[in-house]
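Read through the structure below, which is laid out as structure tokens, and then see the notes.
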Amino acid sequence: MPQRINKLLKQIDSSEVQGEGSYVKMKAPTIGDIYDGSLPDTSDKAANMDFAINLLGKLVKEWNWVDDDGQPLPEPSQAVLNGLPYAEIKFLTDALDLEGLQDQKN
């Protein structure tokens, strides 16, 4: 019986940005998530960042992350993602390989 290797929902160890025992559950991007007619021009860095943040808002489903005081962050949402430090945003985008997706567009 076949079994899907590339599952849509995966749990990622995020200890490098949130400490031991932390994780984030992310939905793998689908064609529908990526291509909705709004892929930015790869030379427009601001548009690329907006695209990545909006896509993360769709794909980050769950986490056990905390704020600077060790208090649990609310469930992932666009507003919460907008308040994350750059290192955590970079971790999330790297986990999704969004740069690789942009390269495939060209």
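The values are calculated or read from the model by the stated rules, or taken from the named source; none is laboratory data. Worth saying up front: this structure is predicted, and the values here are computed from it rather than measured. For neighbour counting, all protein chains shown are included, and Cβ atoms are generated from backbone atoms with ideal geometry for every residue, glycine included.
The helices (runs of 4 or more DSSP H) located wholly in the stretch 19-91 that include 3 or more residues which are over 30 Å from residue 4 (Cα atoms) occupy 45-59, 78-82. A single member of 2, 76 is out of contact with any Pro (no Cβ under 7 Å at 6 or more places or on another chain) and within 19 Å of residue 95 (Cβ to Cβ), and it is 76. With the structure loaded, tell me whether residue 101 is within 20 Å of residue 12 (Cα to Cα), modelled with pLDDT of 85 or more and within 16 Å of the chain's Cα centre (by Cα) or whether it fails that test. So residue 101 fails the test. Within the set 13, 50, 68, the sole residue that is loosely packed, with under 11 Cβ neighbours inside 10 Å and under 20 Å from residue 87 (Cβ atoms) turns out to be 68.
Scanning the stretch 58-89 for residues that are among the hydrophobic types (A, V, I, L, M, F, W, C) and free of Cβ contacts under 8 Å to residues at least 60 places away in the same chain returns 59, 60, 63, 65, 66, 73, 79, 80, 81, 84, 89. The set of residues from the stretch 41-77 being modelled with pLDDT of 90 or more and either on the phi > 0 side of the Ramachandran plot or hydrophobic (A, V, I, L, M, F, W, C) (or both) comprises 59, 60, 63, 65, 66, 70, 73.
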